[in-house]
Protein chains: 2
Amino acid sequence: MSPDPGGLGPPRDFGELVSRASPWLSGDGPHGGMVLSTRIRLARNLNNVPFTHRARDEQLQGVVANVATAARSSPSFDHSLLLQMSDMSPLERQVLVERHLVSHELGDGTRPRGIVIASDERLSVMINEEDHLRLQVMAPGLQPSEAWSVADAADDDLGQGLDYAFSDDIGYLTSCPTNAGTGLRASVLVHLPALVILKDIHQVLKSVMQVGLNVRGLYGEHSDWMGNLFQVSNQTTLGVTERDSIESLDRVTRRIIEMEEKARDRMLRDARVQLEDKVWRGYGELRYCRSITSREVIERSSVVRMGIALGLPGLCPIRVVNELLILTQPAHLQRASGGEMTQAERNVYRAGIVRERLEAAERDAGHAA
Amino acid sequence: MSPDPGGLGPPRDFGELVSRASPWLSGDGPHGGMVLSTRIRLARNLNNVPFTHRARDEQLQGVVANVATAARSSPSFDHSLLLQMSDMSPLERQVLVERHLVSHELGDGTRPRGIVIASDERLSVMINEEDHLRLQVMAPGLQPSEAWSVADAADDDLGQGLDYAFSDDIGYLTSCPTNAGTGLRASVLVHLPALVILKDIHQVLKSVMQVGLNVRGLYGEHSDWMGNLFQVSNQTTLGVTERDSIESLDRVTRRIIEMEEKARDRMLRDARVQLEDKVWRGYGELRYCRSITSREVIERSSVVRMGIALGLPGLCPIRVVNELLILTQPAHLQRASGGEMTQAERNVYRAGIVRERLEAAERDAGHAA
């Protein structure tokens with residue numbers, strides 16, 4: 001994976017950043033029909049500075065300055081963008097949260113915090129989240145090894161200018177012990193509608209847990225898995241190598257993909273018409289709605305994404321439905337509309353965005369079937 | 001109303017007949033946004049021939065021959081088409097039933113029965129239904145007086161060559177006493193979605209009954225009024241003039257229209273967005289479905305028809321949704337597909353017809369909004 005495949009270069013400012021679709025949702029990565037994205041996160045802290053929650057504000061300001069300097073001289077962060085949370089409005093910070101660039105914790109702008117964003121949003125570093133540095137790589141589809149290589153190189157680059165807290169016994173030291181060691185959290189966002197519909201999902205989730213990985217619904221827990229999206233990630237960071245974690249995630253995700261594929265085949269064999277009908281009616285609702293909730297977008301997008309992945313002709317590119325998940329979130333809507341909105345107004349505005357995106361895709365394709 | 005406003009002329013044969021859309025569903029009649037059609041039916045019997053259910057087959061054959069002869073020399077039935085039920089397959093007869101040209105009773109082809117169809121399907125005579133003649137006029141929208149004029153003229157025409165059973169005391173004699181007198185049943189097919197949604201419909205139906213008219217759901221009784229379509233008709237035929245019946249139906253229908261208009265205004269005022277959303281999602285489902293039941297077509301068509309009548313821009317002409325009600329019925333589908341179909345196959349074939357019609361309308365309009 002090249003760090004900037006789109007060739008767009010890093011965004012010049014916040015406005016340019018958020019006017020773009022998140023490139024890691026392009027749907028063109030390996031297994032893009034089932035795996036939306038791969039994420040690598042590395043937790044790092046600086047020696048001789050207390051962990052974020054115990055440090056004083058001037059110490060945190062020092063961390064921001066040091067990381068920014070290190071990034072400037074790092075090839076991985078060539079032409080990167082530094083955003084300080086304190087310079088941003090709550091709405092702008094929420095936009096970054098919705099883009100998965102910034103955690104909820106960092107989105108709270110009360111302390112000296114920031115993010116360095118490089119390479120088309122695929123590489124970034126949150127500064128003074130739970131750890132001093134949280135290096136993050138996002139990639140479309142299933143590519144943990146490739147994303148890991150990018151993260152590893154960026155980590156090495158930054159490490160040239162920073163003194164990481166590291167113990168020979170433990171590895172990288174982190175604010176929360178569950179991250180100590182590699183400081184690595186590798187995760188994939190998978191779409192498993194057929195396993196959910198056929199009620200095989202519980203068994204699958206259980207078996208993923210049994211091999212030591214963690215799995216949870218992206219938009220909800222227990223049996224209400226909105227949009228059938230699941231995040232699978234490694235649990236262990238101590239006493240393992242990064243390579244172990246990456247390979248285990250890759251292996252288990254491929255196994256999940258196989259099971260979802262089998263479930264989709266079964267659905268196509270047993271209920272092809274009902275499936276096509278459900279997909280196309282979902283598309284029809286998105287294409288023509290005049291008011292729509294976030295939840296409905298997530299749910300209808302899920303069936304349409306499945307239809308696209310199954311190769312039903314005439315639907316839009318998978319990128320379009322993936323992007324809807326971000327572009328229709330409240331802060332994105334509010335920023336696009338330029339003002340505060342009630343929930344009812346948001347639903348109407350959201351419907352407008354959804355219709356517009358699908359219409360544009362139809363025009364690009366010269367028409368839906 | 002001119003008897004043949006479309007200028008198409010009468011169909012030459014059954015195939016040509018059923019390849020056309022029923023012209024009385026054109027939606028371009030007065031109050032076409034709420035009143036689909038007006039129907040006039042006159043029951044007549046011949047002197048010196050027993051009523052249909054008591055006559056012998058050769059007597060009924062005589063009736064068919066006499067009516068056909070009378071029609072041939074009647075200006076109202078210029079170039080008309082005579083179809084004998086015994087010459088037609090059960091499927092063909094069912095097609096006529098679905099087009100509202102023929103009653104279920106006449107559709108049963110076991111006795112000498114027929115229909116003379118003139119003037120673009122708007123004027124016809126069923127022969128040997130419950131009465132020897134059932135003259136029928138169909139017109140788009142609310143126009144009972146105009147339809148009555150056409151029926152009256154045709155009745156006079158036919159009467160020249162036929163000896164009607166008539167008593168000075170009673171009027172026209174009919175097989176069932178409830179039709180004796182004028183032999184007239186005048187009815188309108190009204191679409192009352194707002195009154196149903198706002199739950200005012202029970203009160204309206206009650207008040208219609210109280211003024212001596214009859215009202216019933218077209219596709220279902222009690223509270224399950226599929227498609228929100230209602231048939232309002234006169235009840236009394238004895239001791240009243242035709243003019244009385246026609247005027248009373250016209251007056252009461254106008255009153256119902258006013259109530260539906262007020263209910264629609266109220267809905268637009270209180271829930272415009274929800275209404276628009278419901279209309280357009282209904283459209284989206286029809287536009288993209290891959291399998292759809294008759295009931296769903298009737299229900300989705302109902303909301304779309306309301307949207308068109310409310311003037312929401314970008315929807316198809318009302319004619320298109322009206323015609324779907326006929327074209328998606330089982331016998332029409334079976335005839336169009338050219339073979340027997342299971343229910344599941346019909347649902348798929350029906351979805352194809354629905355999509356095709358809406359796509360064609362979009363092409364005609366240069367695009368839906």
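The values are calculated or read from the model by the stated rules, or taken from the named source; none is laboratory data. Fair warning: this is a prediction, and the values are worked out from it, not measured in the lab. We place every Cβ from the backbone using ideal geometry, glycine too, and count neighbours over all the protein chains shown. Calculation scope for accessible area: heavy atoms of the full protein, side chains included, ligands and nucleic acids excluded. Shrake-Rupley method; radii C 1.70, N 1.55, O 1.52, S 1.80 Å.
If you go through region A:83-140 and keep only what is among the small types (G, A, S), touching a Gly at 6+ places or on another chain (Cβ under 9 Å) and within 23 Å of A:S26 (Cβ to Cβ), you end up with A:S119, A:A139. Residues in region B:330-356 that are open to solvent by 40 Å² or more (accessible area, probe 1.4 Å) and touching a residue at least 40 places away in the same chain (Cβ under 8 Å): B:P330, B:R335, B:A344, B:V348, B:R355. Buried (at least 23 other Cβ atoms within 10 Å of the Cβ), touching a residue at least 40 places away in the same chain (Cβ under 8 Å) and more than 8 Å from chain A (Cβ to nearest Cβ) - does that describe any residue in region B:263-276? No; the residues of region B:263-276 include none that is buried (at least 23 other Cβ atoms within 10 Å of the Cβ), touching a residue at least 40 places away in the same chain (Cβ under 8 Å) and more than 8 Å from chain A (Cβ to nearest Cβ). Yes or no: B:I256 within 30 Å of B:F166 (Cα to Cα), more than 8 Å from every other protein chain (Cβ to nearest Cβ) and open to solvent by less than 10 Å² (accessible area, probe 1.4 Å)? No; evaluated as a whole, the condition is false for this residue. Just so you know, in region B:177-222 the residues that are in a strand (DSSP E or B) and among the polar types (S, T, N, Q) include one that is surrounded by the most Cβ atoms within 10 Å (Cβ to Cβ), and it is B:S187. In region A:294-312, the qualifying residues are those that are more than 11 Å from every other protein chain (Cβ to nearest Cβ) and not hydrophobic (A, V, I, L, M, F, W, C), and the one that is farthest from A:Q343 (Cα to Cα) is A:G311. Taken as a whole, region A:323-345 holds at least one residue that is within 21 Å of B:Q274 (Cα to Cα), within 14 Å of chain B (Cβ to nearest Cβ) and small (G, A, S).
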